[in-house]
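K.L.:
Please find one structure pasted underneath; my questions will follow.
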Amino acid sequence: MTSAVAISGTKVDPSSDLAQELLARGLISADALARARSIEADSGEDLATILTRLGILSEQALVEFYRNITALPLVGPNDWPANPVLPADEVSLAFLRAHLVLPLARERGALVVATADPLRPFAAQALGQLAGANVNCRIAARGEIEAAIDRLYGDGRADADPGSVADEEDLERLRDLVSDAPVIRAVNRLIADAVEQRASDIHLEPTEDRLAVRYRIDGVLVDQPSLPPVMRAALVSRIKVMAELNIAERRLPQDGRLRVAVRGHEIDLRVAIAPSIHGQTVVLRILDKSGMALDFASLGFSPALAARMGETLARPHGIMLVTGPTGSGKTTTLYAALASINSDTRKILTVEDPIEYRLPGIVQTQVNPAIGLDFAAALRSFLRQDPDVMMVGEIRDLETAQIAIQAALTGHGLLSTLHTNTAPGAITRLLDMQVEPFLLASTLNAVVAQRLVRRLCPHCKAPHTPGPGQRAATGCAADARFWKEQGCAECGHTGFKGRIALVEYLEVDEGVAAAILERADAREIARRAGSGRFATMMEDGLAKAAAGLTTIDEVLRVTQDG
């Protein structure tokens, strides 16, 4: 039977030059192509591999490009076979890896083949000749094909002896594993894919039969294609090597940091590794400075609130606190505050745990409790450095709070965070720490409390009339108009793209200061805040929902417990 590749409806000749098509469609620049061509000449790798490895073109963008010019279907999540379609003893593993092709199924007398490069169909045709069948091609990302090849035909195939890869005490073997090209590519691909999807965290969680992969995107964990269990030890060890951690230590948690280049710019990652029943779990926090907006408007502060923040920050001394739970964007707000006052005429010092982003022109210090350098010790030493403004990552105890108040009393500006649910609650928390009310009333300038909600995709959001339950929870009128998520290609069919802060801002005016001196509770402090100048987080959220920035459900999700 004659082998044929079904590329019906293609918009270009399959023999067309890949580089010229990419240039013509504006997917790469001439300079980027010249750089890739130079590497191609030296390394012998194909152009597509080089473009994706350098971050010039993402794997997903390459897949979409191929689909557009060939009209071939993509491989879906359910199309990958559980077992080899062609016997392992008949297919060359080296051939599959070199040409990135994989038999998927036999359908109506034809062999369905996944290919990473449909413009070079000879490898798929060779599989068709081997199977004695016509060939129907489908397009898949290079990384997906590599993972499937390893699972079905490589060391991770389903019929391999689990005992042969279950225990790797030999460190030399671990070192060999982490330097293996497929493992290096797998880690780089994982990070690049997460950045491409705007993820803030990568979670690698070993289970009994797989390595689960999840990305946190806009604050919500999203499942990704799992990796075979054989890759668990190699992948974790590779990440440890990159973060300069101890690859032999598997019983204790380890924390580190690494830096990689993705799409031509540097990405910092915080690494947290902890033991679990099935192996070591890994969480990578992605710190992408290119996507970090250090201005209040981008974070979700209204123009009026941003102006009030600016007035408070301009004061020569006093304390401003940012409160909220872990992951509510407190540190980003502090960085935005520092960026707004940073200048050549000010000396700004920070002490953080950990330092998440490097800020030019600011002296940043990392705490190290093992040698006695905690927040209090660092803050005490800062007072001898003649600073104008100091930022301490968190006020955790009375000692740190007392030193912060001393700094404010001696003419310094101080920014910090506190773990409370509301802005008035920050004041009662400090009073519970045994801070003297008269000191707090005279040094505290303002408190910002915030939560993060998902931002509606502007391309597909739709009008929404709240139901009875939403009206009861928010107190909005029956004819109030809001917005809801839909889902489109721009937002990955989630209906949301990015996050925005819901904020309440408590300025310590005369009324609030009097309430502090009386040790009033949080409710009374909020009541005494300047008339019309204190809006709760719920009120700020409803205003943003009415403006089409988020949904009522998102507002209720983060404010109902507060």
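What follows draws every value from the coordinates through simple rules; no lab data is involved. Since the structure is predicted, the reported quantities are computational estimates derived from the model, not experimental observations. Cβ coordinates were reconstructed from backbone atoms using ideal geometry, including for glycine residues, and neighbour counts include every protein chain displayed.
K.L.:
To the nearest µm²/s, what D does Stokes-Einstein give for the stretch 299-429 at 10 °C and 1.306 mPa s, using the Kirkwood radius over alpha carbon pairs as Rh? Don't skip to the end; give the middle numbers.
P.N.:
Values: Rh = 15.0 Å.
Estimated diffusion coefficient is 106 µm²/s.
K.L.:
Using R₀ = 30 Å, calculate the FRET efficiency as 1/(1 + (r/R₀)^6) where r is the Cβ-Cβ separation of His419 and Val222; round to 0.05.
P.N.:
E between His419 and Val222, to the nearest 0.05, is 0.65.
K.L.:
Further question: How big is the stretch 22-127 by the Kirkwood estimate over distinct Cα pairs, in Å? Before the final figure, lay out each step's value.
P.N.:
Values: mean 1/r = 0.0645 Å⁻¹.
For the stretch 22-127, the Kirkwood estimate is 15.5 Å.
K.L.:
Using packing as a proxy for protection, rank 222-231, 20-29 so that the peptide with the highest average count of other Cβ atoms within 10 Å comes first.
P.N.:
Values: 222-231: 18.2, 20-29: 14.5.
Packing order, densest peptide first, comes out as 222-231, 20-29.
K.L.:
What length, rounded to one decimal in nm, is gained on full extension from Ser343 through to Asp89, with 0.36 nm per residue of separation minus their alpha-carbon distance? Write out the running numbers ahead of the final one.
P.N.:
Details: separation 254, 0.36 × 254 = 91.44 nm, distance 6.81 nm.
In short, 84.6 nm is gained.
K.L.:
Then there is this: Under unit Cβ charges (Lys, Arg +1; Asp, Glu -1), what dipole magnitude, rounded to 20 debye, does the chain have relative to its Cα centre?
P.N.:
Values: 59 positive and 71 negative charges, 250 e Å.
Here the size comes out at about 1200 debye.
K.L.:
So for the chain, averaging the separation of alpha carbon pairs under 8 Å that are six or more residues apart and normalising by length, what relative contact order in percent results?
P.N.:
Details: 976 pairs, mean separation 51.3, N = 562.
In percent, rounded to a whole number, it is 9.
K.L.:
In whole Å, largest first, what are the principal axis extents of the Cα atoms in the stretch 374-443?
P.N.:
Principal axes ranked by extent give 32, 23, 17 Å for the Cα atoms.
K.L.:
In the stretch 284-435, what percentage of the DSSP-assigned beta bridges are antiparallel, given to the nearest 5? Intermediate values should be presented prior to the final figure.
P.N.:
On the way: 1 of 19 bridges.
In the stretch 284-435, DSSP labels about 5 percent of beta bridges as antiparallel.
K.L.:
Then there's this: Normalised by the residues of the stretch 385-433, what does the relative contact order come to in percent, with Cα pairs under 8 Å and at least six apart? Please report the intermediate quantities before stating the final value.
P.N.:
Values: 39 pairs, mean separation 20.5, N = 49.
About 42 percent, as a whole number.
K.L.:
Test of understanding: what is the full-extension gain from Glu399 to Arg471, defined as 0.36 nm times their sequence separation minus their Cα-Cα distance? Each step should come with its number before you reach the end.
P.N.:
Working: separation 72, 0.36 × 72 = 25.92 nm, distance 4.52 nm.
Full extension from Glu399 to Arg471 adds 21.4 nm.
K.L.:
What does the C-alpha gyration tensor say about the overall shape of the stretch 84-126? Classify as rounded when a/c is under 1.5, otherwise prolate if a/b is larger than b/c, or oblate.
P.N.:
Details: a/c = 2.07, a/b = 1.09, b/c = 1.91.
Oblate is the answer for the stretch 84-126, as a/c is 1.5 or above yet b/c matches or exceeds a/b.
K.L.:
So, one more: Note down the net charge around Leu379, summing +1 for each Lys or Arg and -1 for each Asp or Glu among other residues with Cβ under 13 Å from its Cβ.
P.N.:
Numbers: positive: Arg380, Arg384, Arg396; negative: Glu352, Asp353, Asp374, Glu394, Asp397, Glu399.
Result for the neighbourhood of Leu379: -3.
K.L.:
When you take every Cα atom in the stretch 396-545, what is the radius of gyration, and what is Dmax, the widest Cα pair distance, in Å?
P.N.:
Answer for the stretch 396-545, Rg first and Dmax second: 19.5, 56 Å.
K.L.:
Additional query: Quick one: which residues, 5 or more positions from Met391 or on another chain, have an amide H under 5 Å from its amide H? H modelled 1.01 Å from N in the peptide plane, none for Pro or chain starts.
P.N.:
Leu349, Thr350, Val351, Leu415
K.L.:
Give the calculated FRET efficiency between Asp31 and Ala71 to the nearest 0.05, with a Förster radius of 45 Å applied to their Cβ-Cβ distance. List each step's numbers first, then the result.
P.N.:
Numbers: r = 31 Å, r/R0 = 0.68.
That pair, Asp31 with Ala71, gives E of 0.90.
K.L.:
Where Lys and Arg each count +1 and Asp and Glu each count -1, what net charge lies around Val453 among other residues with Cβ under 10 Å from its Cβ?
P.N.:
Details: positive: Arg451, Arg454, Arg455, Arg499, Lys544, Arg557; negative: Asp218, Asp553, Glu554.
So the environment of Val453 carries a net charge of +3.
K.L.:
Taking the Cα centre of the chain as the origin and placing charges on Cβ (Lys, Arg +1; Asp, Glu -1), which of Ser442, Pro77, Ala88 is farthest toward the positive end of the dipole?
P.N.:
Ser442
K.L.:
Also: Compute the semi-axes of the equivalent ellipsoid of the stretch 468-562, taking the square root of 5 times each eigenvalue of the Cα gyration tensor, and list them largest first in whole Å. Show your work: numbers first, answer last.
P.N.:
Numbers: eigenvalues 214, 43, 23 Å².
Ellipsoid half-lengths, sorted descending, are 33, 15, 11 Å.
K.L.:
Going by average Cβ neighbours within 10 Å, how do the peptides 508-516, 299-307, 415-423 rank, with the highest at the top?
P.N.:
Working: 508-516: 18.8, 299-307: 16.8, 415-423: 22.3.
Put in order of decreasing packing, that is 415-423, 508-516, 299-307.
K.L.:
With +1 on the Cβ of every Lys and Arg and -1 on the Cβ of every Asp and Glu, and nothing else charged, how large is the dipole of the stretch 242-389 about its Cα centre, in debye rounded to the nearest 20? Walk me through the intermediate numbers first.
P.N.:
Details: 16 positive and 15 negative charges, 23 e Å.
Here the stretch 242-389 has a charge dipole of around 100 debye.
K.L.:
Same structure again: Enumerate cysteines in the chain without a disulfide-compatible partner, where compatibility requires another Cys Cβ under 4.7 angstrom.
P.N.:
Lone cysteines by the Cβ rule: Cys137, Cys476.
K.L.:
Could you size up the charge dipole of the stretch 255-305 around its Cα centre, putting +1 on the beta carbon of Lys and Arg and -1 on that of Asp and Glu, and report it in debye to the nearest 20?
P.N.:
Values: 6 positive and 5 negative charges, 24 e Å.
Roughly 120 debye for the stretch 255-305.
K.L.:
Here is a follow-up. For the stretch 416-476, just the Cα set please: Rg and Dmax, both in angstrom.
P.N.:
That works out to 18.6, 52 Å for Rg and Dmax.
K.L.:
Setting aside same-chain residues fewer than 8 positions from Lys330, which lysines have a Cα under 25 Å from its Cα?
P.N.:
Lys289, Lys347, Lys497, Lys544
K.L.:
Continuing with this model, one more query. For the chain, what does the helix formula give at 222 nm: sum of -39500 (n - 2.57) over DSSP H segments with n ≥ 4, over the residue count, nearest 500 deg cm²/dmol? Kindly include the intermediate steps, with their values, before the conclusion.
P.N.:
Details: 22 runs with 208 residues, N = 562.
Rounded to the nearest 500, it is -10500 deg cm²/dmol.
K.L.:
Calculate, for Arg259 and Ala478, the FRET efficiency according to 1/(1 + (r/R0)^6) with r their C-beta to C-beta distance and R0 51 Å; round to the nearest 0.05.
P.N.:
Details: r = 54 Å, r/R0 = 1.05.
So, using R0 = 51 Å, E works out to roughly 0.45.
K.L.:
Then there's this: Name the residue farthest towards the positive end of the dipole of the chain from the options Gly132, Pro463, Ala404, assuming +1 on Cβ of Lys and Arg, -1 on Cβ of Asp and Glu, about the Cα centre.
P.N.:
Pro463
K.L.:
Calculate one ³J(HN,Hα) per residue across the stretch 506-519 by plugging θ = phi - 60° into the Karplus curve 6.51 cos²θ - 1.76 cosθ + 1.60, and present them in order as whole Hz with x for glycine and proline.
P.N.:
The phi angles translate into 10, 8, 7, 8, 4, x, 5, 4, 5, 5, 5, 4, 8, 6 Hz.
K.L.:
Which percent, to the nearest 5, of DSSP beta bridges fully inside the chain are antiparallel?
P.N.:
About 65 percent, rounded to the nearest 5.
K.L.:
Next up: Gln197 versus Ala248, label points 7 Å from Cα toward the beta carbon: distance in nm?
P.N.:
For Gln197 paired with Ala248, the spin-label model returns 3.6 nm.
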